[in-house]
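The values are calculated or read from the model by the stated rules, or taken from the named source; none is laboratory data. Note that the structure is a prediction, hence the values are computed from the model and not measured. Ideal geometry is used to build each Cβ from the backbone, glycine not excepted, and the neighbour counts take in all protein chains shown.
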Amino acid sequence: MRRMPAAILVLSFAVLLPPPPSGADPERPEPLPADALGVILPAPPPAPHQVWVADFVLERTAGFDANDGRLLGMLSAGVGTIAPLFSQARGEIYLPETYYSRGSRGTRTDVVTIYDAATLAPEAEVVVPPKRADVVHAMALSTLLDDGRFLAIANFTPATSVTIVDVEERRLVGEIATAGCHLVYAAGPRRFFMICGDGSLLQVTLDEAGHEQARIRTPPFFAILEDPVTEKAVRRGDEWIFVSFDGLVHSVDVAGETPRFAEPWSLLDEADRGASWRIGGVQHLAVHEASGRLYSLMHRGGPDEHKVPGTEIWVYDLETRRRVQTIGIRNLLGAFLAQQTGTPGGALLWLLERVVPNPGVDSIAVSQDADPRLFGLSRSAGTVAVWDARSGEFLRYLENVGIAPGALQAPWR
Amino acid sequence: MARRAGGGGRTPAAWAVAAALLLAAAAAGPAAAEAISGPRLDYVLHCMGCHLEDGGGAPESVPTLEGFGRFLQIPDGRAYLVRVPGSAHAPLDDAALAALLNWMLVRFDPTRARAPEFRPYEAAEVTRYRAVPLADADAERRRLLRVLDGDPSGDR
Amino acid sequence: MSRSETPSWERHLDRWAEAAARQLARGLSRRSLLGRLGATLAGAAALPLLPVSRVSAASSDPAPAAPEGLDGPEGDPSSCQYWRHCAIDGFLCSCCGGSHTACPPGTVMSPVTWIGTCRNPADGRQYVISYNDCCGKHLCGRCLCNRNEGDRPAYLPPKSNDINWCASAPSTVYHCSTAIVLGVATES
């Protein structure tokens, strides 16, 4: 229905066009057909092999088809971090955005813009308190609760709180005080949790109107001073998987009334530790829910190198907690330079991949279908590598994904 | 950049002055950087980022510490100064946090901290308060201020 | 603060040129064709290949190059390796019209920030460093630097360099970061 006007436009142009000239020259082929003016393509329907890459310099997030490398379309946003929330059920994309009336100054307005996933056009917006947290790379700055009705946004002024938006009714519900706790993780249709500054979780349950109904503060579940978890947790069903700087896996089960913490286990054995392997990159975890494969970006380095790009992707079976596979990372900077010379493949690529220092991978994500793709982004090369997530076979590069690409998302099932 | 002068009531001009002072201080010639230690070092490392050198805080979000010893007049207020996230989540043990708060009281509310009835924080007391997290710091603060102003609606 | 995604082409090119030179000298000198190709590429790469603003310095460099970025008695404040930048995450104001202790013209320094310590290799002292962000103009885009000594995730705000510390400035638009010495951290 929504695309009716475009269709009418196309038709009316077709009617207005002059008829094709007769008396064709036998020597020359028929002239090309005239193009229709004013055509706007819809977005391709959601598919699992679409990967979205946010970019805070271009102030946008763009979708790419990992099967053929095409850019599919993008969402333009305001200043600060950009990581949209995707609702397959409603065919909508929600993006918390910040705007200043004079671009970089003036009056600040924060909105949640509701985009139609079929057209990528903004459909509506909800104005929210101008407090949205801006944390580079963080994926937990906003979350869509499980039945897709309420959206929670983490605020930072530097006091922390949470804004709740009803995306079904497209209205602001209100703000919830969350002293000392930050970032938001969905934990049910009416529930989310946050991480607190003492290593505990704050779980908040909402009522049907989206207001706070109950809250639970857990005991600390990791050693906040000695070995904190990163905030880049990934979710598999009712389980949120956090990993600490030193590679300890802390799982949080949110199925029950109270969050339950599994016994931590390590991504690293003695040999790995001896060889200084550790987690690396800024979005260092991905999970394929159906197969229970956990992908972890790793590199060799010292303490305080938790954001240094990964050089390998280690694959774990979450049932056995064993490493089952290691995926090497090709040289994405080589791919970028080869592409810039206009010869993206062939001998030059082969050479560049070997000669240019390998910048590694900063962010990973995995699609959730039965034939999953693993994505790895090098921010400095502006390039995404695509692997078969099961075999680890390298499939292709997506080049020029942005100027300052950040968050990687493979949101569609 | 019109901005409501709430909270600390600081205008952009005042911000600019503050920034300029900070810069001037930073650029002020060859005076050697001073040694910072003890509770003051803890304040600088863990609190000053938000509360600033003079305890002035930020308009509309971080309250000034000037006169914050008034909360000590009531038991909940005494607990509140430990339970606010900045204090409670500081990477300090209870004894160090007690010493830090005592130092801050002397520094930012010298009149009350030097009064005969002033009772410094002790580690055991900090342990007790710290164990009870605050849900809504701002609401608690407003409630306590109402109590201190003699408004019965502040009483639970 | 904060931003570390911007591609650091210059860093890669510097490191690349260096590494390539070494690698070429080591392994490829016999194969003069490849050597020439490498040299050509090095030249080409320094030119307009690059689609973006030229961000220099080290983003997420594995380790500061010995001797910890100290070139002279004071070191080079516009270098990511400079000792004061041991936990900075953002564009260095010294490359943006300001200095390592001052904001560029027309920006506003956020008074609210996070504070850490860095060891000065010249005198072995631990200095207290305030990483105030400069705000109110768009991303500077030069000298991106991301080092993370003592950096903690955003749920520990006073220790997090991922946070945009312009959060309580009149405009929260992030421009660049400074590294201001507040004093010498001393055990009492």
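Odds and ends about this structure:
- For the range A:398-406, the condition of being buried (at least 24 other Cβ atoms within 10 Å of the Cβ), in a strand (DSSP E or B) and modelled with pLDDT under 95 holds for at least one residue.
- The residues on offer are B:Ala96, B:Ala18, B:Ala14, B:Ala26, and the sole one that is at pLDDT 55 or above, in a helix (DSSP H, G or I) and either surrounded by 14 or more Cβ atoms within 10 Å (Cβ to Cβ) or assigned by TED's automatic domain parsing to the domain that holds B:Asp136 (or both) is B:Ala96.
- Qualifying residues in the range A:157-197 (those that are surrounded by fewer than 22 Cβ atoms within 10 Å (Cβ to Cβ) and not in a strand (DSSP E or B)) - the one nearest to the other protein chains (Cβ to nearest Cβ): A:Thr157
- Residue match in the range C:128-139 (condition: touching a residue at least 60 places away in the same chain (Cβ under 8 Å), out of contact with any Cys (no Cβ under 7 Å at 6 or more places or on another chain) and within 21 Å of A:Tyr100 (Cα to Cα)): yes
- In the set (1) of a type outside the set (Asp, Glu); (2) without any contact (Cβ under 8 Å) to a residue 12 or more places away in the chain; (3) at the interface with another protein chain (Cβ under 8 Å from one of its Cβ atoms), the condition left unmet by C:Gly124 is number (3).
- Every listed requirement among (1) surrounded by fewer than 18 Cβ atoms within 10 Å (Cβ to Cβ); (2) under 20 Å from the mean Cα position of the chain (by Cα); (3) closer than 21 Å to A:Pro405 by Cα; (4) in the same structural domain as A:Lys232 (by TED's automatic domain parsing) is met by A:Pro122 save one, (3).
- Residues in the range A:88-119 that are of a type in the set (S, T, N, Q), within 28 Å of A:Ala159 (Cα to Cα) and surrounded by fewer than 17 Cβ atoms within 10 Å (Cβ to Cβ): A:Ser101, A:Thr107, A:Thr109.
- Picking from residues in the range B:67-92 that are in contact (Cβ under 8 Å) with a residue 24 or more places away in the chain and farther than 15 Å from B:Arg141 by Cβ, the one that is surrounded by the most Cβ atoms within 10 Å (Cβ to Cβ) is B:Ala90.
- Verdict on A:Gly78 being at positive phi and not charged (D, E, K, R): no
Results for (1) over 23 Å from A:Cys181 (Cβ atoms); (2) in contact with a His (Cβ under 8 Å, 6 or more places away or on another chain), shown as yes or no for each residue.
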site	(1), (2)
B:His46	no, no
B:Gly49	no, no
B:Asp54	yes, no
B:Gly77	no, no
B:Leu92	no, yes
B:Ala95	yes, no
B:Arg112	yes, no
B:Leu134	no, no
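- Looking across the range B:99-140, just one residue is in contact with a strand residue (DSSP E or B) (Cβ under 8 Å, 6 or more places away or on another chain), among the hydrophobic types (A, V, I, L, M, F, W, C), part of a helix (DSSP H, G or I) and surrounded by 13 or more Cβ atoms within 10 Å (Cβ to Cβ), and that is B:Ala137.
- Considering residues of the range C:148-188 that are touching a residue at least 60 places away in the same chain (Cβ under 8 Å) and among the small types (Gly, Ala, Ser) only, the residue farthest from the other protein chains (Cβ to nearest Cβ): C:Ser177
- Subset of the range C:121-133 [of a type in the set (S, T, N, Q) and surrounded by 19 or more Cβ atoms within 10 Å (Cβ to Cβ)]: C:Ser130, C:Asn132
- So A:Ser276, is it within 14 Å of another protein chain (Cβ to nearest Cβ) and over 24 Å from A:Ala138 (Cα atoms): yes
- In the range A:260-271, residue surrounded by the fewest Cβ atoms within 10 Å (Cβ to Cβ) [restricted to those that are part of a loop (DSSP other than H, G, I, E, B) and without any contact (Cβ under 8 Å) to a residue 24 or more places away in the chain]: A:Glu263
- Hey, C:Cys143 of a type outside the set (Asp, Glu) and within 13 Å of chain A (Cβ to nearest Cβ) or not: no
- So A:Val324, is it more than 13 Å from chain C (Cβ to nearest Cβ) and of a type outside the set (Phe, Trp, Tyr): yes
- Qualifying residue in the range A:134-149 (condition: surrounded by fewer than 20 Cβ atoms within 10 Å (Cβ to Cβ) and within 14 Å of another protein chain (Cβ to nearest Cβ)): no
- Scanning the range A:79-97 for residues that are more than 14 Å from chain C (Cβ to nearest Cβ) and under 12 Å from A:Asp110 (Cα atoms) returns a single hit, A:Leu95.
- Condition met for A:Gly301 (of a type in the set (Gly, Ala, Ser), surrounded by 15 or more Cβ atoms within 10 Å (Cβ to Cβ) and farther than 17 Å from A:Arg396 by Cβ): yes
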